[in-house]
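Step one of this worksheet: look at the structure below.
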């Protein structure tokens with residue numbers, strides 16, 4: 001019995017010594033927002049911040065056009081961004097409020113709705129083809145519709161808008177038509193479709209006689225089936241915002257990277273060929289107060305500022 005007892009005592013001693021020398025593995029606490037994690041002790045892996053975008057066209061198309069842009073940004077500053085696509089304007093607003101989105105690309109009316117529900121920091125304005133932070137809405141019809149040449153010709157016609165929460169495919173063109181003396185009651189019928197792309201395709205198929213969509217989304221259809229009947233005056237375009245609790249260093253790094261993009265630089269021009277039209281013309285400093293003009297539009301056309309109805 002002496003030898004087995006000795007072996008047991010030796011084993012117990014070794015176990016105790018081992019437990020003191022090497023403590024059991026403990027779960028590594030998650031990093032705080034804005035911190036970086038060590039990866040294999042050789043580099044850093046920044047936290048990914050969720051970047052929300054509304055699907056103005058087919059979700060697969062939007063993904064293919066926005067993901068390369070976010071990859072481009074990730075190479076030019078230390079933070080990573082995860083693309084989050086939403087097909088409802090109201091969901092973008094809800095997720096910003098809930099904190100399940102950190103950053104978002106918003107049109108004017110959606111920006112005001114989101115700002116009314118959660119503190120946001122405007123980072124930059126999206127520039128249009130003319131180098132200004134503005135865009136326009138276009139009233140379009142098929143090129144073969146010789147009977148539709150001006151806004152007056154829209155009376156008695158079938159008309160397609162985008163989502164009722166859309167700035168460029170509903171609020172702005174509705175305000176424009178109202179100023180020309182055309183109300184919704186003047187159409188034979190009208191509908192709110194899901195996306196700008198859906199409006200263009202419905203007009204091309206002859207389901208509607210005319211429709212309204214944002215200029216950046218319309219350009220690929222012009223001259224290849226659609227024509228411009230009329231255009232609104234320029235109004236403030238897209239804006240990129242961050243929740244106020246996104247760390248300042250992240251906001252500053254993203255803002256600097258965006259403002260540093262030169263769309264005319266050969267390397268940027270080459271890469272941006274695959275980006276969405278909205279992203280191809282650079283970014284500028286933003287004056288958030290200019291977006292208040294959409295409140296004036298809402299009052300003129302009788303829309304509630306808090307309306308967040310969206311088509312499924």
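The values are calculated or read from the model by the stated rules, or taken from the named source; none is laboratory data. Computed from a predicted model, the values in this text were never measured in an experiment. Backbone-built Cβ (ideal geometry, glycine too); neighbour counts: all protein chains shown.
Just one of the listed residues (273, 277) is without any contact (Cβ under 8 Å) to a residue 60 or more places away in the chain and outside the structural domain of residue 197 (by TED's automatic domain parsing), namely 273. Listed by position, the helices (runs of 4 or more DSSP H) contained in the stretch 191-286 that have at least 2 residues being farther than 21 Å from residue 74 by Cβ are 196-204, 215-218. Restricting the search to strands (runs of 3 or more DSSP E) fully inside the stretch 62-152 and requiring at least 3 residues that are in contact (Cβ under 8 Å) with a residue 60 or more places away in the chain and touching a strand residue (DSSP E or B) at 6+ places or on another chain (Cβ under 9 Å) gives 103-106, 120-126, 137-142. List the residue pairs whose Cβ atoms are under 8 Å apart, where the first residue sits in the stretch 255-266 and is surrounded by fewer than 12 Cβ atoms within 10 Å (Cβ to Cβ), the second is modelled with pLDDT of 95 or more and assigned to a loop (DSSP other than H, G, I, E, B), and the two are 6 or more positions apart or on different chains. Pairs found: 262/282. Within the stretch 224-234, is even one residue closer than 22 Å to residue 292 by Cβ and either free of Cβ contacts under 8 Å to residues at least 60 places away in the same chain or crowded, with 23+ Cβ neighbours inside 10 Å (or both)? Scanning the stretch 224-234, I find no residue that is closer than 22 Å to residue 292 by Cβ and either free of Cβ contacts under 8 Å to residues at least 60 places away in the same chain or crowded, with 23+ Cβ neighbours inside 10 Å (or both), so the answer is no. Going through (1) at pLDDT 95 or above; (2) touching a helix residue (DSSP H, G or I) at 6+ places or on another chain (Cβ under 8 Å) one by one, residue 203 falls short only on (2).
Taken as a whole, the condition of being within 17 Å of the chain's Cα centre (by Cα) and not in a strand (DSSP E or B) does not apply to residue 177.
Quick one: in the stretch 104-123, of everything that is touching a helix residue (DSSP H, G or I) at 6+ places or on another chain (Cβ under 7 Å) and closer than 17 Å to residue 49 by Cα, which residue is surrounded by the fewest Cβ atoms within 10 Å (Cβ to Cβ)? Selected residue: 121. Does at least one position in the stretch 211-221 carry a residue that is over 21 Å from the mean Cα position of the chain (by Cα), within 14 Å of residue 159 (Cα to Cα) and touching a residue at least 40 places away in the same chain (Cβ under 8 Å)? Looking through the stretch 211-221, at least one residue is over 21 Å from the mean Cα position of the chain (by Cα), within 14 Å of residue 159 (Cα to Cα) and touching a residue at least 40 places away in the same chain (Cβ under 8 Å). In the stretch 171-204, what residues are touching a strand residue (DSSP E or B) at 6+ places or on another chain (Cβ under 6 Å), surrounded by 22 or more Cβ atoms within 10 Å (Cβ to Cβ) and over 13 Å from residue 138 (Cβ atoms)? Matches in the stretch 171-204: 193 only.
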